[in-house]
Every structure is written in C-alpha cells, then in structure tokens.
1. Search region A:128-139 for residues that are of a type in the set (S, T, N, Q) and pair each with any residue that is in a helix (DSSP H, G or I) and at pLDDT 95 or above when their beta-carbon atoms are under 8 Å apart and the residues are at least 6 apart or on different chains.
2. Considering (1) closer than 17 Å to residue B:140 by Cα; (2) within 14 Å of another protein chain (Cβ to nearest Cβ), say which one residue B:39 fails and leave the rest.
3. Quick one: in region A:368-420, of everything that is among the hydrophobic types (A, V, I, L, M, F, W, C), closer than 17 Å to residue B:61 by Cα and within 11 Å of chain B (Cβ to nearest Cβ), which residue is farthest from the chain's Cα centre (by Cα)?
4. Please enumerate the residues belonging to region B:23-65 that are buried (at least 16 other Cβ atoms within 10 Å of the Cβ), without any contact (Cβ under 8 Å) to a residue 24 or more places away in the chain and part of a loop (DSSP other than H, G, I, E, B).
5. Inside region A:331-367, can you point out the residues that are surrounded by fewer than 20 Cβ atoms within 10 Å (Cβ to Cβ) and more than 12 Å from chain B (Cβ to nearest Cβ)?
6. If you take the residues in region B:88-110 that are surrounded by 19 or more Cβ atoms within 10 Å (Cβ to Cβ) and of a type outside the set (A, V, I, L, M), which one is modelled with the lowest pLDDT?
7. Looking at region B:3-22, can you tell me whether even one residue there is touching a residue at least 60 places away in the same chain (Cβ under 8 Å), outside any loop (DSSP other than H, G, I, E, B) and away from chain A (no Cβ under 14 Å)?
8. Where in region A:99-212 are there helices (runs of 4 or more DSSP H), lying fully within it, with 2 or more residues that are surrounded by 21 or more Cβ atoms within 10 Å (Cβ to Cβ) and modelled with pLDDT of 95 or more?
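The values are calculated or read from the model by the stated rules, or taken from the named source; none is laboratory data. The model shown is predicted, which means the values in this text are computed figures rather than measured ones. Heads up, the Cβs are rebuilt from the backbone with ideal geometry, glycines too, and the neighbour counts pull from every protein chain shown.
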Amino acid sequence: MPLDVARIKKDFPILARTVRNEHPLVYLDSAATSQKPVAVMKAESDFYSQHNAAVHRGAHLLAEEATDAYEGAREAVARFIGAKSDEVIFTKSATESLNLLAYSWGNAPSNSRFHLAPGDVIVLSEAEHHANLIPWQELARRSGAILRWFGVDDEGRIDLSNIDSIIDSRTKIVAITHQSNVTGAITPLTSIVAAARSHNALIVLDACQSAPHFAIDVKELEVDFLAFSGHKMVGPTGIGILWGREELLAEMPPFLFGGSMVTAVTMEGASYAAPPKRFEAGVPNMAQAVGLHAAIDYLNAVGMGQIHEHEVALTEYALSGLSSIAGVGIVGPTEIKDRGGVLSFTVEGIHPHDVGQGLDDLGIAVRTGHHCAWPLMKRMGVVATTRASLYLYNEKSDVDALLLGIEKVQSFFGSKGIGR
Amino acid sequence: MNLESLYQELILDHYKNPLHKGLVSPADASVHHVNPSCGDEVDLNLTIRDGEIQSVSWDGVGCSISQASTSVMSDLVQGRTVDEASQVIDAFMEVMQSKGSTTGDESLLGDAVAFAGVSKYPARIKCALLGWMAFKDALVQLGGYRTKGSGEAK
C-alpha cells in the first residue's frame, strides 16, 4: 500500500510553514537532517515536564522513571536493528560513535585484538563522509597503521575489482559507508564482509544514510559495528548510536572517562563497568534518547518496508525527471538499483551555490557544496554539487517543484548569459 | 524572483568577464584561500611597489558571488596605496557584516556596493569575502594591512 504522504506531512509541523517569498517549504535536505514529527517533540518535552532526572543515579521516583525511559529507548533501538540491548551505546552523534571506536582501539594494549601495530591496515573507501575518514586517518597516524581504500567508479559505486589486494592478512579494520551521502550508492557489502571475515578484520559500517531509510538487521549484515544518528531518522539532534557485538564491546577499552562508567574508584585508579555503560560516561542525552524512541515508534508505525518502497519509487521518479532536463548531470548512479534517495547533480554553467540560492528563492531547501566528502568529490571531478535528498514525507509534488525550480534557475541565469 | 536584487547585472558581468584573472608572476606574496563550507578556492598574487598596490592577480573556482567579488576587489585596489586598500577592505567587511542595513560608501567601494545584498544571506557572505580575505592575507604578509585610523600594522 502506498504511503499516505499527505497524512504523514501533517505530523511534521515545519512542513506547513512558508519560507522565502512566502513560498511553501519544499524540504529536500533530509540527508543532512530530517524534520521531526510532533510525537518526537512531545516525547522530549514530556520527559522534561514529567520525568526529568539524572538516569542511573538517585533514589527517587523521577530517577527511576528517567532510567526506565532511557533504557526503554535503548531497547527500542536494539529491536530496530535486530540487536541486544546491551550492545547499543548512546553517543551524541554518529560522528562520536565512530570516534569512540577509533579512540578506544587506539587505547587498546598490545595484547588486545584491537591493538594496531605499525604496518597494520585500515581499509576505507573513497566514498566516505569525513566522519568515517578522519577518525581513521588520525588512528593510523597515532598507531603507525596504514590506510588503504576502495576507489569508486564514474557513478560513485565502490570498485571491488582489486578487493584481494585491499583486504589482506594485514587488514585489521574495514570501515565503510552503507550508503553514500553524496551519490546515494549503496555499498556491495557481501563480498567486503566475506573478505574482511576471512582475514579476521573488524567491520565498521557507517549506517547514517541507510538506517533511516530501510530496515536493518545487524545479524543479516554480519558486520561488527554500526554507527548512525538519531536526527537523520526523524529523531532529535544530540543522540547517536553505536552498536557493537557484545563479545567485542566486552573487550574494548573505554574512550571517555568519568561518572557512570565505573565499578570502583580510588585515588589511584578505577575499574570500568560492562558495556554499554563503560562507553557512556557522564549524564547522557536522556531527553534525546527518549525522543529517538518516539522516532523509532513513528517509523515502525509507518513501516520501514513501506518507507523504503516509497523512497525507491520517488527516487526513480526524480532520477528520470533530472535526466530529462538538458544541462543537468547526475553525480551518482543513474539507475535505481542499489541506490537510495540522495540525488546529487550539477547544472551546466551554473555553480551549485547559485543553483541552491535560486532554489531557496522558490522555497526549495537543498544542500550545496562538498557534503563533507572531499575525496569523493575530487574523484567525481566536481568541486561541489547540489544535492536533493528524499524521505518519507516527500512526494511527487516536491520532486516536481525541484524539477521546475531547476528550470527556472536555468532560465534566470540563462537570461543573463550564464549557463545554457 | 528576489534573485534579481542579489544577482545584479554588475555581479554577473564580472562573473562572466572577470578582471585580473590569471596569476601574474613573480609576486611579492602568493596566497591560497579555500571556503571550507563549499570547497571554492582562490589563488592570489600581490605585488607592492613604494607603498602602492602594483599588481593583484588571481585565479580560482567558485560561485558567481565569489568570482565576481574577487574580480571587483582586484580592480578596485589596483594602484591604490596600501592604506587606501586597507580602508577599502574594512569598508567592505562592514557592509558584509551589516545584514543588509548599509549599502556602503560608493565613493570608497565603487562597484563593490553591488554586493550589499549578499549581506542578507549569511551563507553567502563567505563567498563574497573569499577573494577579499585572500587579498587581506597577502597584504598582512607584506606588512601592508593597516587597521582603520591606527596607522599601525596589524
């Protein structure tokens, strides 16, 4: 059954506002951050107005309620990705989740399986967002490990042709995106996972652009770690998720130190709690975790399968529309197979910033620039792109507005002798 | 479209036919500036003789605002004393930070007043400033930039 987008839109108050020049908002920037339904805002607000207290501390009722709400959110995340509760760690962002891994492993003693020795290899791809690139560059710098990466083809798809020379016996970590935030290309995980497994390498998946858009089961993915963020899946900002296999988390040293993550402390030292608490020092982002729970409930009520189907159909529609405008070039796969609803494009002769400005003038919110993926942009031969990204609350009329908007931008600049 | 007020003819003319584009070497100072939010880049060469801007030349990739602004700037400061050039920079910065409340002194800024509309779009101010900041940096490197009224090198 198709999604009732008109009804869904009503759940997102911001989508009813007008923006520049009193144009209704056409929000096509969900890959940067998604909008929030009332249920999420209400959950956060209710937490503050009814249950606010520091979790895991305090002997009072509010502390109990807050702890229940926070741990309830953890269970909801675990169910959402087919994991166990204790395997879910709350961070402030996916960026922090990835940094947690890189710092924890950098702290691992030499007898640990996480320890990196000079010459060990960390494998990435050219398609990584800076958040899944720079933490590993820094870990390599600190440890003497070497970076290797998969290239991408002209459509931005990860090139596996030399997989055997990239993932080999020296490979300790494979950290890779599930779906590119620039091209929308979905990573062919099966062979990467198999190669990593055969060399006993740890597999980290950046699921920021996938977890919000289709159902994920960590058991099926067969990866070891998964990072994603709440704010891209109709949840609040300030809440990120790190999932890890429990036997691996159990062996990992902490990253941030402080309250809540200890079992005993003296003036000389401390011993550390079991995961997930070991990795959640300090009072966590409780209201945001509770908001994330509401976000997951919201997505589940709509149905992740249906959201995915809806986005596939809409992406296909957008791809065909974009392809039919003369002078528009898609940066990424032009076919729907193994790609998500992130549509980067260029408009001949008009800089993406100017395209974005023109679209903004019509109330259409898109992203312009390098999308925090400089190496990929370079590989794709562009300094910047304009990017439209779709989500469950977008419909054909939004895509139509974009397509018409691009043509209006072309004719505006064209009348000045710029572009086609 | 409100775009008309932002993308004035003068701006788009400079974008289409930029002045002083193409690096002139050798130069006393060479700088490379990047707008980290969009990846736009500018290289700028500066030569000063007897306290006067003898040559400003540049090359770069970027949006119409950044390219046109660099073009206008490079033409505006050519032949000026470093003190005058510093004043022009300060005046342009003031307009950019004004959120649209000032159009700037045309006698000082010349064609650069066309960029006043940019100050209403916070995301684009960095575009308009890219070339200017490169020029200021080159001036500072040569000890030429002077803050308003102080007469001292900053």
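1. That search, which allows pairs on different chains as well, returns A:132/A:98.
2. Of everything listed in (1) closer than 17 Å to residue B:140 by Cα; (2) within 14 Å of another protein chain (Cβ to nearest Cβ), residue B:39 misses just condition (1).
3. Among residues in region A:368-420 that are among the hydrophobic types (A, V, I, L, M, F, W, C), closer than 17 Å to residue B:61 by Cα and within 11 Å of chain B (Cβ to nearest Cβ), the one farthest from the chain's Cα centre (by Cα) is A:418.
4. The answer is B:39, and nothing else.
5. A:334, A:335, A:336, A:337, A:338, A:348
6. B:104
7. Checked against the condition, which is being touching a residue at least 60 places away in the same chain (Cβ under 8 Å), outside any loop (DSSP other than H, G, I, E, B) and away from chain A (no Cβ under 14 Å), region B:3-22 yields no hits at all.
8. Because the criterion is at least 2 residues that are surrounded by 21 or more Cβ atoms within 10 Å (Cβ to Cβ) and modelled with pLDDT of 95 or more, the helices (runs of 4 or more DSSP H) in region A:99-212 that meet it are A:134-143, A:189-198.
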